[in-house]
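Everything below concerns the one structure shown next.
The values are calculated or read from the model by the stated rules, or taken from the named source; none is laboratory data. Being a predicted model, the structure only gives us computed values, none of them experimental. Reconstructed Cβ throughout: ideal geometry from the backbone, glycine too, with neighbour counts over all protein chains shown. All accessible areas refer to the heavy atoms of the entire protein, side chains included, with ligands and DNA or RNA removed. Shrake-Rupley method; radii C 1.70, N 1.55, O 1.52, S 1.80 Å.
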Amino acid sequence: MSGLALDGKKINQDILNELRPRVEALQAKARPPALAVVLVGDDPASHIYVRNKIKACQDLGIRSIDAAPAAGISTDELLRLIRDFNRDRQVDAILVQSPLPKHIDEKQILLAIDPAKDADGFHPFNVGNLVANRPAPRACTPAGIVEMLKRYRIPLAGKRAVVVGRSDIVGKPMALMLLHENSTVAICHSKTHDLPAECRRAEILVAAIGKPALITREHLSPGVVVIDVGMNRLNDPAVVLRLFGHDPRRLAAFEKNGTTLIGDVDPLAMQEISSAYTPVPGGVGPLTIAMLMANTVQLAESHLASVSGEC
Ligand code: GUN
């Protein structure tokens, strides 16, 4: 059996196409939606993520306002930048790319973002809205995953879902969103006893750990739906051969580039044992961007409605 590869790129395009008329309507009534993107320092992976986010803004007609302070910026200086964006009525949404350099108090920065401009849904006010299942911007990666599962009509109600990883960005909000879809949810983490046995209980398995191919054959039950959130870079030819020996195209690309991406799940095991799975790359990654655009448009619409209400 080979599981169905869930196509994140197609869902991304569908979502962006649905957003396009809403962006045009905002542009016609007032101005295009505007997203402030704050990237601190020079982490190469963050640069790639942010570049893709800015490109998506450009494609959709969203104005992106890019701020790229040097890694040495202080927490206070960064707070000032955020507060300026909070006050600026031309800015609808603010994103601060994570991780921030170690000397910056990330929690304080997230707390400073106006919850009504919180493009990522990371502000504790909006995390509370998620817990209470009230409308508010939601964390983009888990929101994109739920959107994809719904669009593929993969049933969630009553299903046993196991989320591996308890980050604020993916694991915790993912568990809450699946709970709101009436799944029976377990969260596993580095202290979980017998992770393979816990994972084998899953009908929906979300791997968000950040460790290449940590989830192997022994973690998967036949027919499981696997959502692989991992984006890990492999450079060791022996490891690439072990994990992608079945995939000549991937090996050829690795030969050429000297590097390749892998998720948190063994790719061959995932294909062979699952009923459906998200490939890496091309699965979850594009959904994060689509939901960031959706949050930005929604926030811009809310701002326009509240300004119109003021008149
Ligand atoms: N770092 C990894 N994922 C994300 C995300 O979705 N948003 C932000 N701001 N930073 C991230």
So, in nm, how far is label Arg134 from label Lys107 when the simple model puts each one 7 Å beyond its Cα toward the Cβ?
2.2 nm
Probe radius 1.4 Å, ligands and nucleic acids ignored: give me the carbon and sulfur share of the accessible area of the stretch 1-84 as a rounded percent.
52 percent
In whole angstrom, largest first, the equivalent ellipsoid semi-axes that the Cα gyration tensor gives for the stretch 126-225 are 22, 16, 12
By how many nm would the segment from Gln58 to Glu218 lengthen if fully extended, with 0.36 nm per residue of separation less the alpha-carbon distance?
53.3 nm
Length-normalised contact order of the chain in % [C-alpha pairs under 8 Å, at least 6 apart]
23 percent
Specify the residue with the greatest mean-square fluctuation among Lys55, Lys117, Lys256, computed from a Gaussian network of the chain linking alpha-carbon atoms under 10 Å apart.
Lys256
Could you name the aspartates and glutamates in cross-link range of Lys191, using Cα to Cα under 13 Å and dropping any fewer than eight places away on the same chain?
none
Just to be sure I understand the model, the point goes 7 Å from the Cα along the line to the Cβ. What's the resulting Ser302 to Lys9 distance in nm?
3.3 nm
At what distance in nm do the modelled label points of Arg151 and Val239 sit from each other, each positioned 7 Å from its Cα along Cα→Cβ?
3.1 nm
Which whole-percent values make up P(r) of the stretch 166-311 when all C-alpha to C-alpha distances are grouped in 10 Å steps starting at zero?
10, 34, 30, 15, 7, 3, 0
If I fit a long axis through the Cα atoms of helix 8-29 and take the longest principal axis of the Cα atoms of the chain, what angle between them do I get, 0 to 90°, rounded to 10?
10 degrees
For the chain, built as a Gaussian network whose Cα springs stay under 10 Å, the top-fluctuating residue of Ile154, Ile145, Ile94
Ile154
Compute the accessible area per residue over the chain, keeping the other protein chains in place, probe 1.4 Å, unit Å².
48 Å²
Whole angstrom only: what separates the Cα centroid of the stretch 287-301 from the Cα centroid of the stretch 244-270?
31 Å
Skipping prolines and chain starts, which residues have an amide H placed within reach, meaning under 5 Å, of the one on Asn232, given they are 5 or more residues away or on another chain?
Ile262, Gly263
The chain: radius of gyration over Cα atoms, expressed as a fraction of 2.2 N^0.38 Å:
1.02
Compute the long axis of helix 140-151 from its Cα atoms, compare it with the longest principal axis of the Cα atoms of the chain, and write down the angle in degrees, 0 to 90, nearest 10.
60 degrees
Quick one: work out the % antiparallel among DSSP beta bridges in the chain, nearest 5.
10 percent
The rounded separation in angstrom of the Cα centers of the stretch 185-242 and the stretch 31-89 is 32 Å
